[in-house]
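Asks: If you scroll down you'll find the structure; I have some questions about it.
None of the figures in this text is laboratory data; all of them are computed from the coordinates on show. Every value quoted in this text rests on a predicted model; they were computed, and no experiment measured them. Backbone-built Cβ (ideal geometry, glycine too); neighbour counts: all protein chains shown.
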Amino acid sequence: MITVIAKLPIQEGKAEETITKIKALMKKVATEEGTLLYSLNRKSSEPNTLIFVERYKDKAALAAHSATPHFKEFSATLPTVLAGKPEITVLEELEVVIR
């Protein structure tokens, strides 16, 4: 399994607009076979930083997600809302416990 944590710093006043775009993206991501989890989050103390937690079946599934037209279209809109460089961390899952 592959886990991705992506932190996106969003310009002041653009968070809600960006969240709306992300929710539309997430409906399409839900149809991707190898994408197991795609979660949008934010800390109340940092309302202009959006954090994705993503899980993929394997590296090929992550690559497939990144190559989809809907992801490319969404990514093309990011420069208009980002306040800085996104921080992307790709992790190889070693063990998991689910209750």
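Asks: Just tell me which aspartates and glutamates come within less than 19 Å, Cα to Cα, of residue 27; anything on the same chain fewer than 8 places away is out.
Replies: 16, 17, 54, 73
Asks: Turning to a different aspect of this structure: On full extension of the chain, what length is gained from residue 96 through residue 6, given 0.36 nm per residue of separation minus the C-alpha to C-alpha distance? All intermediate terms of the calculation are to be shown ahead of the outcome.
Replies: Numbers: separation 90, 0.36 × 90 = 32.40 nm, distance 1.98 nm.
Here the segment from residue 96 to residue 6 would lengthen by 30.4 nm.
Asks: Same structure again: Taking the Cα centre of the chain as the origin, how large is its charge dipole in debye, to the nearest 20, when only Lys and Arg (+1) and Asp and Glu (-1) carry charge on their Cβ atoms? It would help to have the intermediate numbers written out before the result.
Replies: Details: 14 positive and 13 negative charges, 42 e Å.
Dipole of the chain, to the nearest 20 debye: 200 debye.
Asks: Something else now. Please list, in chain and number order, the residues 5+ apart from residue 82 or on another chain whose amide H is under 5 Å from its amide H, with Hs placed from the backbone.
Replies: For residue 82, whose amide H was placed from the backbone, the distant partners under 5 Å are 11.
Asks: Given q = 0.10, 0.12, 0.16, 0.19 Å⁻¹, what are the Debye log10 I(q)/I(0) values for the chain, with equal point scatterers placed on the Cα positions and solvent ignored?
Replies: -0.27, -0.39, -0.70, -0.97
Asks: While we're on this one: Do any trypsin sites (Lys or Arg not before Pro) in the stretch 1-87 lie in a DSSP loop with no more than 10 other beta carbon atoms within 10 Å, and if so, which? Working shown, then result.
Replies: Working: sites: 7, 14, 21, 23, 27, 28, 42, 43, 55, 57, 59, 72; in loops: 14, 42, 43, 57.
Those that pass, being in a loop and sparsely packed, are 43.
Asks: Here's a follow-up. In whole Hz, with x marking every Gly and Pro, tabulate ³J(HN,Hα) for the stretch 83-99 from phi via Karplus 6.51 cos²θ - 1.76 cosθ + 1.60, θ = phi - 60°.
Replies: 9, x, 6, x, 10, 10, 10, 10, 10, 9, 6, 9, 7, 8, 10, 10, 9
Asks: Rounded to a whole number, what is D in µm²/s for the stretch 28-86 from Stokes-Einstein with the Kirkwood radius over alpha-carbon pairs (37 °C, 0.692 mPa s)? Kindly include the intermediate steps, with their values, before the conclusion.
Replies: Working: Rh = 12.8 Å.
Estimated via Stokes-Einstein, D reaches 257 µm²/s.
Asks: Placing +1 at every Lys and Arg Cβ and -1 at every Asp and Glu Cβ, with all other atoms neutral, what dipole size does the stretch 1-45 have around its Cα centre, in debye to the nearest 20? Kindly include the intermediate steps, with their values, before the conclusion.
Replies: Numbers: 8 positive and 5 negative charges, 20 e Å.
Taking the Cα centre of the stretch 1-45 as origin, the dipole is about 100 debye.
Asks: Which residue, chosen from 91, 79, 64, occupies the Cα position most advanced towards the positive end of the dipole of the chain, where the dipole is computed from +1 (Lys, Arg) and -1 (Asp, Glu) charges on Cβ about the Cα centre?
Replies: The residue sitting farthest along the positive end of the dipole is 79.
Asks: Exposed loop sites here are GluC sites (Glu not before Pro) in DSSP loop states with at most 14 other C-beta atoms within 10 Å. What is the longest stretch of the chain lacking them?
Replies: Counting at most 14 other Cβ atoms within 10 Å as exposed, the longest clean stretch of the chain is 34-92.
Asks: Right, next: Please work out how much length the chain gains when fully extended from residue 58 to residue 41, using 0.36 nm per residue of separation minus the C-alpha to C-alpha distance, in nm with one decimal.
Replies: Full-extension gain reported as 3.9 nm.
Asks: Next question. How large is the helix-only mean residue ellipticity at 222 nm for the chain, computed as the sum of -39500 (n - 2.57) over DSSP H runs with n ≥ 4, divided by its residue count, in deg cm²/dmol to the nearest 500?
Replies: The helix contribution divided over the chain gives -10000 deg cm²/dmol.
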